[in-house]
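The values are calculated or read from the model by the stated rules, or taken from the named source; none is laboratory data. Quick caveat: nothing in here was measured; it's all calculated off a predicted structure. We place every Cβ from the backbone using ideal geometry, glycine too, and count neighbours over all the protein chains shown. With ligands, DNA and RNA removed, areas are computed over all heavy atoms of the protein, side chains included. Shrake-Rupley method; radii C 1.70, N 1.55, O 1.52, S 1.80 Å.
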Amino acid sequence: MHGLINKAIQSFVCNTYGKSRWIRVTEAAHLGFVEFEAMLVYDDEVSRRVLDELCRELGRPEREVLEDVGTYLVSNPNTEALRRLLRFGGVSYVEFLHSLDDLPDRARLAVSDLDLPALELTESTGGRFTLACHSGLRGFSYVLLGILRAMADDYGALVMLEHAGQVNECEMIEITLIETDFAEGRTFELGARAR
């Protein structure tokens, strides 16, 4: 797994639960180190052990932890660059949703060897959408669920999100847009610099 993903999990744990908890997780996972390097690629088994130990340490199911990681990636000031990348998808939440098909390609523009699963959005009537997350990165759909929830807040939209399980090789997320201008979203300036 790409080190950038592992580093994101590390940052989430350190900023949310403290560095001492992260050290306990890395020791329990028998890593032999406590810091991931963002631009290295690690064996998937290393990432799996870390995630298993993290869930055990927190006493929470993997899907909840991964959704929290997704929320963290958008809402924490330390990860403003990712929020900016996502906000370039459009001026409204609906435009953002329609831009998700291109997210893996945009991610590769930023980090050439980062392979995210293909995403496919289908729009139904009445503000309903289905997002198919193709296989390739175990648990990514739950991270995506957290990202979608945090981005709805970012845009000021009121949405209902539900992980709808797996169909063939895809994990499905059901999105119901209740109101596009429910609250005042966070400010976003196209020309502003990320910190």
| field | Distant-in-sequence amide H partners of Val41 (H built 1.01 Å from N, under 5 Å) | value | Gly3
| query | Using the eigenvalues of the Cα gyration tensor, what equivalent ellipsoid semi-axes result for the chain when each is taken as the square root of five times the eigenvalue, whole Å, largest first? | reply | 28, 19, 16
| Estimated FRET transfer efficiency when R0 is 45 angstrom, pair Ala118-Ala28 (beta carbons, to 0.05) | 0.85
| query | Measuring from centroid to centroid over Cα atoms, what is the spacing of the stretch 4-26 and the stretch 133-174 in Å? | reply | 22 Å
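So what is the accessible area of the stretch 103-170 per residue, in Å², with the probe set to 1.4 Å? Intermediate results must be reported in sequence, preceding the final value.
Details: 3340 Å² over 68 residues.
About 49 Å² of surface per residue is accessible.
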| request: Quick one: pull the percent of accessible area on the chain belonging to carbon and sulfur, 1.4 Å probe, ligands and nucleic acids left out. | output: 51 percent
| request: Per DSSP H run of n ≥ 4, the term is -39500 (n - 2.57); total these for the chain, divide by its residue number, and report the mean residue ellipticity at 222 nm rounded to 500 deg cm²/dmol. | output: -14500 deg cm²/dmol
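In the neighborhood of Gly136, defined by Cβ-to-Cβ distances under 12 Å, what is the net charge if each Lys or Arg adds +1 and each Asp or Glu adds -1?
Values: positive: Arg138; negative: Asp44, Asp115, Glu169, Glu171.
With Lys, Arg at +1 and Asp, Glu at -1, the net is -3.
If you take the Cα Rg of the stretch 72-179 and divide it by 2.2 N^0.38 Å, with N the number of residues, what do you get?
1.01
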| query | Relative to the present Cα-Cα distance, how much length would full extension add between Ala110 and Thr130 at 0.36 nm per residue of separation? | reply | 4.6 nm
